[in-house]
Amino acid sequence: MNVTLDLSRSPATPVQPARVNLSGLTRIGLANALVEAGLVEQKQARMRAGQIWGWIHNYGVTDFGQMSNVAKELRAKLDDTFTLARPEIVERQVSKDGTRKYLLRTAPGIEIESVYIPDVGRSGALCVSSQVGCTLNCTFCHTGTQPLVRNLTAAEIVAQVQVCRDDLGEWPSDRPDRLLSNIVFMGMGEPLYNLGAVSDAIDIISDGEGIGLSRRRITVSTSGVVPELENLGNKTQAMLAISLHATNDELRDKLVPLNKKYPIEQLMAGIRAYPGLSNARRVTFEYVMLKGVNDSPAEARALVQLLKGIPAKINLIPFNPWPGSPYECSSWSTIETFAAILNKAGYASPIRTPRGRDILAACGQLKSESEKLRASARRKLAVEPTLEPGPADAVVDG
């Protein structure tokens, strides 16, 4: 039987391309976008970009109509061509310790989490995500159980900072009593697998005429993508943190599968060559404490030998439980013994006080899938450690 297709109907309305969010453009990128859109002439681009930049990143506006020193006609054209929209806040949770977790929807089907932790660094730190999901499958990390969806854009990374500052009332940026002083790329994803967007976001966040956070207060945590370490240092001048968790390849292969590709010897060589490494710019090594797995005195001594000669500090992280996790947290006495060995060898080794456990906002607990726990289950997870107040659950310097 012959079938004839009727092609006489009008074609579907073409899909309009998404408007570019100016929040994710560097200064040069913003100036170029204005020229390419035909909104300003080349000779005016730098000046106009500077005006718009200040409104976006110093005053935090989301409406072009508020840019009072920009001509009304240009404001209308900007509104027709670009966007300043924030992500949708799907859920905002506040822990009993003041930690705030944001579940953000940046596009249909694209959800990420970021966490603000008060009273760390100079005043407070924001843990931001660089990918939706993760490819690394670290066995102790909840985020690692969520498959990678895609990299985040620079605009989506910067938006996490903007949303937090909206929530904290942090505009304009130059106010002296800011509650957000540090940024840590330690949320969902491996930042070095999205270095282009991460680098642009850091340029935007650290610009002195905008958000204005010092690059020394921006830390990028990696599981050890060795070939990109030098690029990270050269492009961003950010502080480096290494998700280590083991001192030998056999164990690290299990905990951090990326180690099979870049084993510890290669990783340590890459760290020693990190641009700007010095006593003033130490590497932070993250070491999650897993009961009966990596927490023995012998492993503490092996860690001392492994880091010999590297300007470093070691953050000991009590394991934060999540639904179905295969590990338990080391006992407090075990962690103290481990820390004492490191301290005796001359390494600062603060033990992070878990923050936001009751809302699954602590280190290794972020996951954007709608895997929600009943309140009773959350209470069981929120095991309060008998700790004195100490460093918060984020890597920060200063």
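For residue 148, which sequence-distant residues (separation of 5 or more, or a different chain) have an amide H within less than 5 Å of its own amide H, given hydrogens modelled in the peptide plane?
Correct list: 134.
With the contact rule set at Cα under 8 Å and sequence spacing of 6 or more, what percent relative contact order holds for segment 253-350?
Taking the mean separation of contacting Cα pairs over the length of segment 253-350, I get 30 percent.
Filter 96/313; 254/291; 101/254; 43/72 down to the pairs with a C-alpha to C-alpha distance above 22 Å, please.
Pairs exceeding 22 Å: 96/313; 101/254.
Please list 3J(HN,Hα) in residue order for segment 80-91, calculated via the Karplus relation 6.51 cos²θ - 1.76 cosθ + 1.60 where θ = phi - 60°; whole Hz, with x for glycine and proline.
For segment 80-91, the Karplus-derived couplings read 6, 9, 10, 9, 10, 4, 7, x, 6, 8, 6, 8 Hz, x marking Gly and Pro.
Which whole-number percentage describes the relative contact order of segment 86-204, with Cα contacts under 8 Å and a sequence gap of 6 or more?
27
A short reminder: the numbers here are calculations on the coordinates, not readings from a lab. Note that the structure is a prediction, hence the values are computed from the model and not measured.
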